[in-house]
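Take a look at the structure below.
The values are calculated or read from the model by the stated rules, or taken from the named source; none is laboratory data. All values reported here derive from a predicted model rather than from experimental measurement. With ideal geometry, Cβ positions are generated from the backbone for all residues, glycine too; neighbour counts draw on all protein chains shown.
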Amino acid sequence: MEDESETVVLSGTPSAETGDSQEFNPYAGTSAGAGAYQQPMMIQQSNDNATYSMWLGIATWVCHITAGFVCFTACLAPLTTIAGIVLGHMGFNVSKEMNLGRNEAIAGLVLNYLSLAMYVIGVVFGAALLGVGLNELG
C-alpha cells in the first residue's frame, strides 16, 4: 500500500473544509452563526474625580510651599483649590453610588478646604491690617 499524502489548501475561511460558502462577517452578532470567539473586556472601575481632587489638593499645598521660591505657583494655587473642591464633591457623590474612591474624595476635600480656609484667614487678616493702617492715617 502506498501512503498517499493529502494536500490541504488553507484559504483562511473557517468553512473551506465543509464546502460552505458562508463568509465571515465581523459585524454580525453571535446569533449569525460562526464567529470568532472574543474574550470579554475587563474594565477596571475607578472614581477619577476623587483621584483628581486628591492630586489637586496635593498640588495646591506644593504650590503654597513653593510660592516663596517660585512665584507663579502662588497664582496657580487658587485655581487648583477651586477645581479640587468641585471635583472632590463630584467624586464624593459618585463614591456613594459605586463605593469606590471615597477616601480619596475626602482627602481631596480636606486638603482643598484647608487651603480655602487659609485664603479666607489671609483676606480677613489683610483687611484687619488695612483697617488699622487707615485708622492711624485718618
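Matching residues to (1) at positive phi; (2) among the small types (G, A, S); (3) out of contact with any His (no Cβ under 8 Å at 6 or more places or on another chain); (4) at pLDDT 95 or above:
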site: L100; (1), (2), (3), (4): no, no, yes, no
site: V110; (1), (2), (3), (4): no, no, yes, yes
site: L116; (1), (2), (3), (4): no, no, yes, yes
site: Y119; (1), (2), (3), (4): no, no, yes, no
site: G126; (1), (2), (3), (4): no, yes, yes, no
site: G131; (1), (2), (3), (4): no, yes, yes, no
site: N135; (1), (2), (3), (4): no, no, yes, no
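Are any of the residues in the range 85-92 in contact with a helix residue (DSSP H, G or I) (Cβ under 6 Å, 6 or more places away or on another chain) and either aromatic (F, W, Y) or on the phi > 0 side of the Ramachandran plot (or both)? Explain how you work it out, then say what you get.
Quick first cut of the range 85-92, residues in contact with a helix residue (DSSP H, G or I) (Cβ under 6 Å, 6 or more places away or on another chain) only: 85, 87-88, 90-92.
Add one more test, that the residue is either aromatic (F, W, Y) or on the phi > 0 side of the Ramachandran plot (or both), and what stays is 92.
Within the range 85-92 (the criterion being in contact with a helix residue (DSSP H, G or I) (Cβ under 6 Å, 6 or more places away or on another chain) and either aromatic (F, W, Y) or on the phi > 0 side of the Ramachandran plot (or both)), the answer is yes, since at least one residue qualifies.
Residue-wise test of (1) modelled with pLDDT of 90 or more; (2) within 16 Å of Y113 (Cβ to Cβ).
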site: E17; (1), (2): no, no
site: E23; (1), (2): no, no
site: Q44; (1), (2): no, no
site: T51; (1), (2): yes, no
site: L56; (1), (2): yes, yes
site: T73; (1), (2): no, no
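Condition test on I106, is it without any contact (Cβ under 8 Å) to a residue 60 or more places away in the chain, surrounded by fewer than 22 Cβ atoms within 10 Å (Cβ to Cβ), under 11 Å from Y52 (Cα atoms) and of a type in the set (A, V, I, L, M)? It would help to see each step written out before you state the result.
Details: without any contact (Cβ under 8 Å) to a residue 60 or more places away in the chain: yes; surrounded by fewer than 22 Cβ atoms within 10 Å (Cβ to Cβ): yes; under 11 Å from Y52 (Cα atoms): no; of a type in the set (A, V, I, L, M): yes.
When the stated conditions are applied, I106 does not pass them.
Could you list, in sequence order, the residues of the range 64-99 that are within 15 Å of T51 (Cβ to Cβ), touching a residue at least 40 places away in the same chain (Cβ under 8 Å) and loosely packed, with under 15 Cβ neighbours inside 10 Å?
If the condition is that a residue be within 15 Å of T51 (Cβ to Cβ), touching a residue at least 40 places away in the same chain (Cβ under 8 Å) and loosely packed, with under 15 Cβ neighbours inside 10 Å, then M98 is the only one that fits.
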